[in-house]
Structures are given as C-alpha cells and as structure tokens.
Amino acid sequence: MKFGVVVFPGSNCDQDCLDVLNDVIGQRAVPLWHQETSLKGADAVVLPGGFSYGDYLRTGAIARFSPIMRSVARFAREGGLVLGICNGFQILLEAGLLPGAMLRNTGLRFICRFVTLRVERTDTPFTNRFEAGQTIRLPIAHNEGRYAADTKTLKAVQGQVVFRYCKEDGRVADAANPNGSVDAIAGLANERGNVLGMMPHPERAAEAALGSSDGRLIFESMLEAYAHA
C-alpha cells in the first residue's frame, strides 16, 4: 500500500508520519508538497500535524487553498482514504471535507500530553482493528483543538463520531475533556467513512518506546481496509 503525506509550510509531523508508515508499518510512504497537484499514485493520503502557513487567519484556513488540496478533495470524493491528524483535522474542516469547526482550547493554552479515548466505531477503514468501546492512549499537542458545531450539525454527525475523550474506565466526563470539545468529540468521519479527522496523534504512539502503541492500530486498520477493498 502506498501512502502520500502532504507537507505544508509549517508542517512538523510529516516526517513522523513518513517514518511510522515506512519503518514501523512497513509500507511505502512519500511526501506530497503542497504546491503539487499529483498524489503520486497514493492509495491513502495523510494530512499531518503542525502549523500550516503559521496558522495565520485560522488554523487550516490558508492550507485549504493549496493546489494539493484540490486533488485531495477529488480523491476523497472518489472514495480514497484520507486521514487528517491535528492540523490535518483542522484543514479538513476548513476545506469542507468534514462538518464543524475548531476553536481555541477552553483554557486558552497549548496542551501537550497523553489523553484517553473511547473508540465509538469499529466499522470504518481506520478502526477495524479496534473493539467497540475500547479505550486507548494517544498524545495531543494543540492550542485550537476544541471541536465545535451548531445544534443541527451536532445532531447530524452523531453517527460519524469515531473517538471521544474519556476517563480510563471509558466514561465520558468534563474532567477528561482536555480542550472543551462539544460532546467530547476527538475524532470524526465523513458520512461515507473514508475521511477521518482526529486531534490526537497516532503517529506519536505507534511504538511501545513512545509510551503507547495504540496509534499503530489506526494505520494497520487502513492496511486491512485496503487489502479487502
């Protein structure tokens, strides 16, 4: 399976993603520069974390206009797998590939630490290696990670929520919600299920030496989905 990892000015997790996909998962992964339009035959596209274009205006607001994003949007419409991590999630929202928006964390501070997530769906190409209700540990690193949506949108996306912030026992609680995201939403898929945006970083938790290897299952799930497509 071939992955394409988009690199914007200000991306800082692109190499992490490339290393995990190439060396840990054992697949081929290539960088895709934001000014390009070709996805280089990628079977899946990853929008990595970072601060694309310095997060000027709003997070992801400028990146959505990059030439590569027209190709990513077309790829997604055709059913291709697209994973947006942290800043990548923000870009997917700005590009209209996922509903809702991102606001500053309720504490108005940058947060960098491990959090616990509850897996809400296992029927997506990104989560077929998990069990329903399973709790996992992944790190977050963001200042604008508070997912927001109006009442109508929130009601419509309930079936699209893939991950929620929770306590270690799986219970959703305000104390376990690090950024104030509405309904504790940490990861969201589109209606078709082939596009996933998530604030936590699976690439930073793909090996036990990093404190957790739970993130590896996301990439392995994508392999499983590709193998049975």
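Residue-level analysis places Leu98 among those that are assigned to a loop (DSSP other than H, G, I, E, B), of a type in the set (A, V, I, L, M, F, W, C) and either touching a Leu at 6+ places or on another chain (Cβ under 9 Å) or under 20 Å from Ala206 (Cβ atoms) (or both).
Among the residues of the stretch 20-41, those identified as surrounded by 15 or more Cβ atoms within 10 Å (Cβ to Cβ) and in a helix (DSSP H, G or I) are Val20, Leu21, Asn22, Val24. Restricted to the stretch 113-158, and to residues there that are among the aromatic types (Phe, Trp, Tyr) and not in a loop (DSSP other than H, G, I, E, B), the residue that is farthest from the chain's Cα centre (by Cα) is Phe114. If we scan the stretch 104-111, do we find a residue that is touching a Ser or Thr at 6+ places or on another chain (Cβ under 6 Å) and either within 21 Å of Asp214 (Cα to Cα) or not small (Gly, Ala, Ser) (or both)? No, because not a single residue in the stretch 104-111 is touching a Ser or Thr at 6+ places or on another chain (Cβ under 6 Å) and either within 21 Å of Asp214 (Cα to Cα) or not small (Gly, Ala, Ser) (or both).
Scanning the stretch 1-18 for residues being in contact (Cβ under 8 Å) with a residue 40 or more places away in the chain and assigned to a helix (DSSP H, G or I) gives a total of 2. Cβ-Cβ distances below 9 Å connect the following pairs, each with a first residue in the stretch 166-184 that is in contact (Cβ under 8 Å) with a residue 40 or more places away in the chain and closer than 24 Å to Ala101 by Cβ, a second residue that is among the acidic types (Asp, Glu) and not in a loop (DSSP other than H, G, I, E, B), and a separation of six or more residues or different chains: Val172/Asp183; Gly180/Asp174.
So, in the stretch 47-67, of the ones that are of a type in the set (D, E, K, R) and buried (at least 18 other Cβ atoms within 10 Å of the Cβ), which residue ends up farthest from Leu21 (Cα to Cα)? Taking the candidates together, the pick is Asp55. Among the residues here, Ala205 does not qualify as modelled with pLDDT under 95, closer than 21 Å to Leu83 by Cβ and among the hydrophobic types (A, V, I, L, M, F, W, C).
If the condition is being among the hydroxyl-bearing types (Ser, Thr, Tyr) and within 28 Å of Ala208 (Cβ to Cβ), then the stretch 1-59 contributes only Ser11.
Number of residues in the stretch 183-211 that are outside any loop (DSSP other than H, G, I, E, B) and either at positive phi or surrounded by 21 or more Cβ atoms within 10 Å (Cβ to Cβ) (or both): the value is 15.
From the list Arg129, Arg64, Arg109, the one residue that fits, being in contact (Cβ under 8 Å) with a residue 24 or more places away in the chain, within 15 Å of Val195 (Cβ to Cβ), among the basic types (Lys, Arg) and out of contact with any strand residue (DSSP E or B) (no Cβ under 8 Å at 6 or more places or on another chain), is Arg64. Using the structure shown, decide if Val161 is of a type in the set (A, V, I, L, M), crowded, with 19+ Cβ neighbours inside 10 Å, modelled with pLDDT of 95 or more and over 15 Å from the mean Cα position of the chain (by Cα). The answer is no for Val161.
Out of all the residues in the stretch 160-167, is one or more assigned to a loop (DSSP other than H, G, I, E, B) and either over 15 Å from Phe89 (Cα atoms) or among the charged types (D, E, K, R) (or both)? Yes: one or more hits.
The values are calculated or read from the model by the stated rules, or taken from the named source; none is laboratory data. Note that this is a predicted model, so its numbers are computed, not measured. Positions of Cβ are backbone-derived with ideal geometry, glycine not excepted, and every protein chain shown enters the neighbour counts.
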